[in-house]
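Single-structure report; data block below.
The values are calculated or read from the model by the stated rules, or taken from the named source; none is laboratory data. As the structure is a computational prediction, the values presented were derived from the model and not from experiment. When we count neighbours, we look across all protein chains shown, and the Cβ atoms used for this are built from the backbone with ideal geometry, even at glycine. The protein model used for the area step is the full one, side chains on, heavy atoms only, and it has no ligands, DNA or RNA in it. Shrake-Rupley method; radii C 1.70, N 1.55, O 1.52, S 1.80 Å.
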Amino acid sequence: MKILVIGSGGREHAVAWRLAMEGHEIFSAPGNPGTAQVGKVFPSSDYLAIAQSIHPDLTVVGPEVPLAAGVVDQFRAAGFAIVGATQEMARLETSKIYSKQFMQRVGIPTARFARAESVAEALAALRVFQYPVVVKADGLAAGKGVIIAQHAAEAQAAVQLLGPRLIIEEFLQGEEVSFIVLCDGRDVVALEATQDHKRVGDGDTGPNTGGMGAYCDGRILSAKQIQQALDKVIAPAVAATNFTGFLYAGLMITADGPKTLEFNVRLGDPETQALMHRIDSDWADVLMRAAGGNLKNVSLQWKAEPSVCVVMAAYGYPGEVRSGDLITGLNQSTAQAFHAGTKTTERGTETSGGRVLGVTASGPDLRSAIANTYASVEKIHFDGMHYRRDIGAKGLKRWA
Ligand code: AMP
Ligand code: GLY
């Protein structure tokens, strides 16, 4: 099949890599030097025009921005098979106010919250919450629109910084898990649960990022927790929206069961890098079925070996990022180095974004998957690079 992958990050490189391994002809747009290793790149975001010139059998959308701009609606109107959420469904991700009200309306477990449309409303709302309290900007913020405030002065500063359209919500205690399902408008197939590491520093310290690393191990959620998440979170959301594409529930596994921190309407990044490394099904066939409304009775197979993805970030990330640092050692890495923020220049491969590479490997158990991944990370170098050294450590601790 001819498959078009929309997006230009590590997630898209991982999806394209996996589909190329199945023997498909891959096109990507806007693409990156990683997707260029596995197919033809169209460095443009005029996706419909690209589809009209190559006639893909299937298109898969990675990021939220084209989904929110209506790429799925446009492709369907033009008769192209595509996996993704419609513009309307994308509101579950693009507006936190919309998303929280949706959860409340259809009865999905989530943190208690108040919405605010002005700084004054937000400051009034803060009075009814205990500390720590969570302050969230309404719109898309690439993982940077959430502040967990420990005391009133910090909360007031967060309101000034992120406002005026805000969600203020109760702080939930628990393990955070990324639970992603593929939907065809009616039926749902669950991917393995993964765990992301959102803070920039070891031990979950420092500011939030888009995600500094993830691991995928069949034990992250128990069968009972998966069923709870499917019944209480996913089923009501899919039924209320006839959801198509990937629905990502960011769950907090609390003492009272899973609660939904957020919905995303796409695959996670870097969760996808770990997932694509582990999946053992005919992925293109499953995606084609999702695009065609034929997911009934589909289940996914996974390799027994856990996988780990460590994000190597550029100088300054998640703040102002420096680019143009030369990357060396890529060809000495035995892991898969998924490209996220790289560019090809006459010097070679250089950094061009915050999250530069997602180095991903597996192993017979989680400990060796972690060791294999870091052995490759240590072979790669660029000035100013930083990465977390504890990706997967939560799993090791839980299963010690
Ligand atoms: P979100 O974009 O809503 O997923 O928030 C980003 C990150 O902030 C999450 O991945 C959590 O680590 C943290 N977070 C968000 N909401 C809460 C909450 N209610 N309680 C505790 N942590 C939260
Ligand atoms: N890794 C978190 C996300 O993709 O939103």
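Residues whose amide H falls under 5 Å from that of VAL60, counting only those 5 or more places apart or on a different chain, are LEU4, VAL5, ILE6, VAL83, with hydrogens built in the peptide plane.
Put the Cα centre of the range 271-318 next to the Cα centre of the range 107-160 and the gap is 33 Å.
Applying the Karplus relation 6.51 cos²θ - 1.76 cosθ + 1.60 with θ = phi - 60° to the range 157-172 yields 3J(HN,Hα) values of 5, 5, 4, 5, 6, 9, x, x, 7, 9, 10, 10, 9, 4, 7, 9 Hz, where x marks Gly and Pro. Across the alpha-carbon set of the range 235-379, the Rg to Rh ratio works out to 1.03, Rh being the Kirkwood radius.
Phi-derived couplings, Karplus 6.51 cos²θ - 1.76 cosθ + 1.60 at θ = phi - 60°, listed residue by residue for the range 202-218: 3, x, 6, 10, x, x, 5, 10, x, x, 9, x, 8, 9, 10, 8, x Hz, with x used for Gly and Pro.
Placing a label point 7 Å from the Cα of GLN173 along the Cα-to-Cβ direction, the residues of the range 88-128 whose backbone N falls under 17 Å of that point are 111-112.
Ligands, DNA and RNA left out, the accessible area of the chain computed with a 1.4 Å probe is 50% carbon and sulfur. On a per residue basis, the range 1-55 carries 37 Å² of accessible surface, using protein heavy atoms and a 1.4 Å probe.
Scanning residues 5 or more positions from SER281 or on other chains, those with amide H under 5 Å from its amide H are GLN301, with H placed 1.01 Å from N in the peptide plane.
Applying both filters, DSSP loop and at most 14 other Cβ atoms within 10 Å, to the chymotrypsin sites (Phe, Trp or Tyr not before Pro) of the range 180-262 eliminates every site.
May I ask for the Rg/Rh ratio of the range 33-92, computed from Cα atoms with Rh as the Kirkwood radius, given to two decimals? Result: Rg/Rh = 0.97. Label sites at TYR98 and SER44, each approximated as a point 7 angstrom past Cα along Cα to Cβ, lie 2.9 nm apart.
To the nearest 0.05, what FRET efficiency results for ALA69 and SER368 with a Förster distance of 56 Å applied to their C-beta separation? All intermediate terms of the calculation are to be shown ahead of the outcome.
On the way: r = 42 Å, r/R0 = 0.75.
Rounded to the nearest 0.05, the efficiency is 0.85.
The local environment of THR209, defined by Cβ-Cβ distances under 12 Å, has a net charge of +2 under the rule Lys, Arg +1 and Asp, Glu -1.
Let me make sure I get this right: for the chain, a, b and c are the square roots of the gyration tensor eigenvalues over alpha carbons, sorted descending. Under 1.5 in a/c it's rounded, otherwise prolate if a/b > b/c, else oblate. Which is it? Because its axes are fairly even, with a/c under 1.5, the chain counts as rounded.
Note on the chain: antiparallel DSSP beta bridges, both residues inside, total approximately 80 percent of the bridges counted. Estimated at 0.36 nm per residue, the fully extended path between MET1 and GLU88 surpasses their Cα-Cα distance by 28.4 nm.
Can you give me the Cα centroid spacing of the range 338-397 and the range 42-100 in angstrom? Each part's Cα centre sits 29 Å from the other's. Assuming R0 = 51 Å, can you tell me the calculated FRET efficiency for the pair GLN156 and GLN332, based on Cβ-Cβ distance, to the nearest 0.05? So the FRET efficiency works out to roughly 0.55. The mean of 1/r over all pairs of different alpha-carbon atoms in the range 232-300, once inverted, gives a Kirkwood hydrodynamic radius of 13.7 Å.
Take the residue pairs LYS232/LYS259; LYS198/LYS232; LYS96/LYS136; LYS144/LYS198; LYS259/LYS296; LYS136/LYS198 and return only those whose Cα atoms are more than 19 Å apart.
The pairs that break the limit, which is 19 Å between Cα atoms, are LYS198/LYS232; LYS259/LYS296.
Remark: the range 147-156, residue by residue, has Karplus-estimated 3J(HN,Hα) of 10, 9, 9, 8, 8, 4, 5, 5, 5, 5 Hz, where x stands for each Gly or Pro and the curve is 6.51 cos²θ - 1.76 cosθ + 1.60 at θ = phi - 60°. Sorting LYS224, LYS397 on solvent-accessible area from highest to lowest, probe radius 1.4 Å, gives LYS397, LYS224.
Estimated from helical segments only, the mean residue ellipticity of the chain at 222 nm is -8500 deg cm²/dmol, where each DSSP H run of four or more residues counts as -39500 (n - 2.57). Protein heavy-atom accessible surface, 1.4 Å probe, per residue over the range 227-306: 35 Å². Where in the range 152-176 does the amide nitrogen come within less than 18 Å of the point 7 Å from the Cα of VAL119, taken along Cα to Cβ? Correct set: 152-168. To the nearest 10, the accessible area of ASP280 is 90 Å² with a 1.4 Å probe. Subtracting the Cα-Cα distance of ASN242 and LYS144 from 0.36 nm times their residue separation leaves 32.4 nm of extension gain. Stretching ARG322 away from THR205 to a fully extended chain increases their span by 39.9 nm, per 0.36 nm per residue minus the current alpha-carbon distance.
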